[in-house]
Structure formats: structure tokens, C-alpha cells
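The values are calculated or read from the model by the stated rules, or taken from the named source; none is laboratory data. Keep in mind that this is a model prediction, so the values were computed, not measured. We place every Cβ from the backbone using ideal geometry, glycine too, and count neighbours over all the protein chains shown. In case anyone asks, the SASA skips ligands and DNA or RNA and just uses the protein heavy atoms, side chains included. Shrake-Rupley method; radii C 1.70, N 1.55, O 1.52, S 1.80 Å.
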Amino acid sequence: MPITRRATLLTGLSAPGLALAQSRFPDKPLRVFVPWTPGGATDIQMRMVCEVASRHLGQPVIVENKPGASGTLGAQNLAREARPDGYTLSQMPNGVFRLPAMMRAQNMTPPFDPMQDFTWVLRMVGYMGGVVVRPDAPWRTMRQLLDHARANPGTLFYGTPGANTTDVAMTRLARMLGIEWTAVPFRGAAPNLQNLLAGQIQFSAETSAWADMALEGRVRPLALWMSARAARFPEVPTFRELGHDVVAESAYGIAAPRGTPPAIVNILHDAFKLAVHDPQHLAVLARFDMPVRYLDSESYANDVIQVNAQEIETVRELGLRPGG
């Protein structure tokens, strides 16, 4: 009987103590890795969603840019260094599935396992993007660019925000059409578009970081890899409309380290869900024509299983290798 009573007392004390500890989260600033250079669509979107989420969490949510390694440095830092306490998160692009698949295909050991090393908090948005050229480029349409590429194999160079990012869609398109062109990977959208404007490359395959530039007439979009036309660019066709089954919206979200307590994940999920649907954040998405692709924690965890399988198949199909 004394043992039972002692156990009852401990239970009665521990539950409020645990609730009190949880209620204090967060009691210091959080940081979120964004594995791209400042100024791109992902960086701008993540900064806004973190700013709004900080209001609901009652603590600053600080963005740390970690560009390089095809958008996987955030995941690498999360898996290697971060504690599972909810204070360190990362944006998770499709590269976090693609890079391990490429490394395993080459009998290399990946720096993390996307199926084991993370706790998936929520999926947020997808990308709008496509092919853009300079206003003085000789191609007025995507068909003209493709015809030129067919007639002049190996002479076109195009920019991407990193190796094994948007070039995956362009490689698939090239395989479909028997085209030869060369991807030039940069460390993010900003240097990709800067090199396009400088004439160092003939076109950019890029996410919607070019949207404002297109509205200003500084670049000309030729085709989008969306499932439907973008609201602000109704005259720009999708690749599917042109007869090429290439869709690459690449929905992404945020994750925490493996072992993050469910109560903390719930707090993070609820704050970021409110932020995703906040009018300020939606205004940023409208600026880049990025679609909301929200999933809760459980649904996101199930979705990444499918995405991981798809990326493994893409690596096999296209023979992708680390570093391009």
C-alpha cells in the first residue's frame, strides 16, 4: 500500500511538472536554417513565415542562411549538431532526399538519413518556377528555345540555384526531346539570375525569385513547370501545355531533429500553421506565385516517405550523381 501511494503521489507531481515545463516552451529565441543564399524566393518566404510564427511563439525566430550542397546544409546541421529541444529547425527542400539517394547509388555514406534523422513539423508551400531569358534573347517562346537547342546541341548553358535542383527537371525534359545543354549550378537564385543578366548563361531554370524582375521587364519567362498557369503570368504556358510532362512544384516544409518531444512539435506546428495562413505571409506567396501546400505533422511524415521513394527512382532513372 505505501508503494502504491508513493507511486500515486509521484504521478500527481510529475504530470503538472511536465505540463509546466512544456508551457515554458519556447523561453528563448529559435533558429531556422534556410539552406539558400539571401534574397531568393525561399529565403524571403521563410523570413516572413518565421517573423509571423515568432508572434505566436512569443520568441524571435531567427533565420540562418546555410547555402551550398544542393540545399542540404540545413539538414546536415540539424542531423549532426542540433539538440532535439525544438529550438533548431530547418527548411527541407527535395534535395534532402535526393542527395542521400545519389550517394547511396555511388556506394557512398550520406551525412544523414532523411527517414531516420528528422521530426517532420509541417509542410508549408510549393514553388513556382520555370525558364527565363533576358529581354534581348533571340527566343520569344519556349518552342523557339527548344528548336534552337535541337539544332545546336551542346551550345546552350543555363543556370540553376544549385547542383541537382532545377536541373533535374531540365535533364528530364532534355531526355524526352533528345536535347543536349549544360547546367551551370550557382549557390542560390540571386547569383543564378545575376549571371543571366550579365550574359554569362543563355537562360535560367529558376524558382520564382525572378517574378518581380519579369514584371519589371528585366527577364522574360518562357514556360513554367507548374500544374497550372501562374496567376500573375497568365500568358506564360506550362510545360504540360506545350506537350511535355514536366511538373516540379517541389513542396517543402520544416523539420526538427529526431527525438523532438511531441508536445514541442505540436507547439511549433500550431504556430507555423497560423503563420502559413496569415495574410502577411500569403501576400509574400502571391508575390512569388507560390501555392500553399500545407500538411500537418503526421501527414507530412507520410508524404516524405513517398517523396523519398520518388527521388530514389529519379536518381536511378536519370543517373544523377552528387555534385551534378
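Odds and ends about this structure:
- Each Lys and Arg Cβ is given +1 and each Asp and Glu Cβ -1; about its Cα centre, the range 200-324 then shows a dipole of about 240 debye.
- Charge dipole (debye, nearest 20) of the chain; +1 at Cβ of Lys and Arg, -1 at Cβ of Asp and Glu: 400 debye
- Accessible surface of R140, taken over heavy atoms with a 1.4 Å probe and every protein chain present, rounds to 150 Å².
- Spatially, the range 196-238 and the range 270-324 are offset by 21 Å when compared through their Cα centroids.
- If you sort I62, I254 by accessible surface, 1.4 Å probe, largest first, the order is I62, I254.
- 0 to 90° range, to nearest 10: angle between helix 95-105 axis and the chain longest Cα axis: 80 degrees
- Accessible area per residue in Å² at 1.4 Å probe, computed on the range 159-249: 38 Å²
- Length gained when the stretch E313-R80 is fully extended (0.36 nm per residue, less Cα-Cα span): 81.2 nm
- Here the Debye sum runs over all C-alpha atoms of the chain as equal scatterers in vacuum, and log10 of I(q)/I(0) at q = 0.07, 0.08 Å⁻¹ comes out as -0.31, -0.39.
- At full extension, I62 and R232 could sit 58.2 nm farther apart than now, given 0.36 nm per residue minus the alpha carbon distance.
- Computed across the range 50-92, the Kirkwood hydrodynamic radius from all distinct Cα-Cα pairs reaches 11.4 Å.
- Quotient of the Cα radius of gyration of the range 197-262 and 2.2 N^0.38 Å, N being its number of residues: 1.51.
- Here the range 78-119 is treated as a sphere whose radius is the Kirkwood value from Cα pairs; by Stokes-Einstein at 25 °C and 0.890 mPa s it diffuses with a coefficient of 218 µm²/s.
- For the range 11-167, alpha-carbon Rg and Dmax in angstrom: 20.9, 77
- Counting DSSP beta bridges with both ends in the chain, the antiparallel % (nearest 5): 55 percent
- On Cα atoms only, tilt of 41-57 relative to the major axis of the chain in degrees: 20 degrees
- The average projected area of the range 167-206, computed from the convex hull of its Cα atoms over all directions, is 2.7 nm².
- Projected label distance in nm at S299 and N195, using a 7 Å step from Cα toward the beta-carbon: 3.8 nm
- Length gained on full extension, D147 to V247: 33.9 nm, using 0.36 nm per residue less the C-alpha separation.
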